[in-house]
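Written below as structure tokens is the structure these notes are about.
The values are calculated or read from the model by the stated rules, or taken from the named source; none is laboratory data. Treat the numbers as computed from the prediction; the structure is a model and nothing was measured. Here Cβ is always computed from backbone atoms with ideal geometry, including for glycine, and neighbour counts include all displayed protein chains.
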Amino acid sequence: MIAEIKFKNLFSFRDETVLSFEADKSKDMEAYHVIELDKNVRLLKIAVVYGANASGKSNIIKICDFLKSFITYTPLNKAEQIPVLPFLLNSDNRKLLSEYSISFYLTTDRKTTRYVYSVALDHTHVAKETLAYYPSQQPATIFERSTENGVSVIRFGQRIKATQAVKEEITLKCLQNMSVFAAYMQVNSHLAELETVLQYLTGRIMPAVVPTSPLNRYAEESIKDESAKEYILRYLQEADFNISNISSKEQKTKRGTVNATIYQHQVFSDDGASDFYEFPEMFESDGTIRTFGLAAQVQKALENNAFLAVDEIESSLHPKLIEYIIERFLKESEQAQLLLTTHYDGLLEEDDLLRKDTIWFTEKNTDGSSVLYPLTDFKGLNRISSLRKAYKFGKFGAVPNL
């Protein structure tokens, strides 16, 4: 599970910024929101980010996606540029490194271990990259990578069981514009410490969902599994779309045979008799299709105890459905985590849905840089009768200046 994500000079975030999933000492809705992995390790299942348009909410989602893509990014040659975007509204920052780190916990053989992966880079090269873990209170190095005279130099920790030949081969494969993980993936060797972290960062951090994501593609694959199909179908039925079944059928087109998603609707006549009608996706609403795809992604996150980021969760969804999605996720998640950005302030009115330490805000400074801060930074929250009204009237910032 992710404990915190830290970044600096990335997209609209100029200064060091921390998004934390560490729970505070509150016992509020603890059974639903908090996972206690170990002594003094209490992590949240969800974080919800509010903010005005262009305040930086979506950039947090992009940063999460950048980490996932960079891990396995393999350039064609050492001259290819790294697709990283620093803060551009300051001439000095354009020349500075962008920095990113993620702290997370993995549980193997009933033992929970903390890992920290960090990288500092620009368009041309990775200046520094480290991976450490905590077998005790003190960290131990898995690898530490730097650039010397335009060449990557990797130093492996003493506990890493690998021959010198393997270490040298990883170093040789590691171009200045790629990660150590990407280089490791090209070497015919198995290093348990790297493999464990690689599987987590690539397999359990899911691609982010944005309003333009083609979610139907994920869902079409999911409904081939009966348990996943049943889960998705319950979502659609709770959304009151009158859908009784979903299936994938082959259809012949001018370009050949393709799989098409078919939605079955059940309707009732005045005499109580029921009829069933089947329609292809093109006849369904945007809300139906988005719910279908989003349900598939949430189900996958729950199944794999993965991390899923969703930008503008309210896109094409009714507010009550948003609340339903969050409520079900909190009840069903074992170690899965959800990061949401939204404009729907109705969630702030639901006292039995979100904890105060799950709520975050983004705001843009006059210099164009974004800042991220938690609701818990504000004092006297327990004396506020309505968080929604307080937010609406600007007590927490993160609202448009109209």
Subset of segment 327-341 [within 17 Å of A208 (Cβ to Cβ) and in a helix (DSSP H, G or I)]
F329
Of the residues in segment 357-386, those that are modelled with pLDDT under 95 and in a helix (DSSP H, G or I) come to L381, N382, R383
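When segment 1-60 is examined, which residues are found to be hydroxyl-bearing (S, T, Y), part of a loop (DSSP other than H, G, I, E, B) and touching a Ser or Thr at 6+ places or on another chain (Cβ under 7 Å)? So that I can check it myself, show each step before the final result.
In the first step, residues of segment 1-60 are kept if they are hydroxyl-bearing (S, T, Y); the result is 12, 17, 20, 26, 32, 50, 55, 58.
Next, only the ones that are part of a loop (DSSP other than H, G, I, E, B) stay: 12, 26, 55.
Hits for segment 1-60 are S12, S55.
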Does I63 count as out of contact with any Gly (no Cβ under 6 Å at 6 or more places or on another chain), part of a loop (DSSP other than H, G, I, E, B) and surrounded by 15 or more Cβ atoms within 10 Å (Cβ to Cβ)?
no
Among T202, T212, which is closer than 17 Å to N305 by Cα and either touching a residue at least 24 places away in the same chain (Cβ under 8 Å) or of a type in the set (S, T, N, Q) (or both)?
T202
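For the condition more than 29 Å from A306 (Cβ to Cβ) and either not β-branched (V, I, T) or not assigned by TED's automatic domain parsing to the domain that holds N40 (or both), what is the one hit in L85, L96, L121?
Details: L85 fails: more than 29 Å from A306 (Cβ to Cβ); L121 fails: more than 29 Å from A306 (Cβ to Cβ).
None of the other options fit; the residue is L96.
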Scan segment 109-125 residue by residue and report those that are over 17 Å from K6 (Cβ atoms) and outside any loop (DSSP other than H, G, I, E, B).
K111, T112, T113
Can you name every one of the helices (runs of 4 or more DSSP H) wholly within segment 155-261 that holds 1 or more residues which are more than 24 Å from T72 (Cα to Cα) and either touching a Pro at 6+ places or on another chain (Cβ under 8 Å) or of a type in the set (A, V, I, L, M, F, W, C) (or both)?
215-222, 226-238
Among the residues of segment 340-349, are any in contact with a Ser or Thr (Cβ under 7 Å, 6 or more places away or on another chain), surrounded by 15 or more Cβ atoms within 10 Å (Cβ to Cβ), under 22 Å from M206 (Cα atoms) and not assigned by TED's automatic domain parsing to the domain that holds V49?
no
Return the residue satisfying two criteria in turn: it lies in segment 342-356 and is acidic (D, E) and not in a helix (DSSP H, G or I), and of such residues it is nearest to T376 (Cα to Cα).
D351
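I need the full set of residues from segment 142-180 which are touching a residue at least 40 places away in the same chain (Cβ under 8 Å), touching a helix residue (DSSP H, G or I) at 6+ places or on another chain (Cβ under 6 Å) and either within 24 Å of T124 (Cα to Cα) or not assigned by TED's automatic domain parsing to the domain that holds I71 (or both), in order please.
F143, S179
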Considering each of S189, S91, S136 in turn, give the residue that is assigned by TED's automatic domain parsing to the domain that holds F66, at pLDDT below 95 and in contact with a helix residue (DSSP H, G or I) (Cβ under 6 Å, 6 or more places away or on another chain).
S189
What are the residue pairs meeting all of these: first residue in segment 281-301, first residue in a helix (DSSP H, G or I), second residue surrounded by fewer than 18 Cβ atoms within 10 Å (Cβ to Cβ) and small (G, A, S), Cβ atoms under 9 Å, and 6 or more apart or on different chains?
E281/A260; D286/S316; G287/S316; T288/S316; I289/S316; R290/S316; T291/S316; Q299/S227
Selection from segment 281-297 of residues that are small (G, A, S) and within 18 Å of the chain's Cα centre (by Cα):
G293, A295, A296
Suppose we filter segment 302-324 for residues that are outside any loop (DSSP other than H, G, I, E, B) and not aliphatic (A, V, I, L, M); how many remain?
7
So how many residues does segment 208-242 have that are under 19 Å from the mean Cα position of the chain (by Cα), of a type in the set (G, A, S) and either within 19 Å of E278 (Cβ to Cβ) or surrounded by fewer than 18 Cβ atoms within 10 Å (Cβ to Cβ) (or both)?
1
With on the phi < 0 side of the Ramachandran plot, of a type in the set (K, R) and surrounded by fewer than 21 Cβ atoms within 10 Å (Cβ to Cβ) as the only criterion, which of K57, K78, K45 stands out?
K78
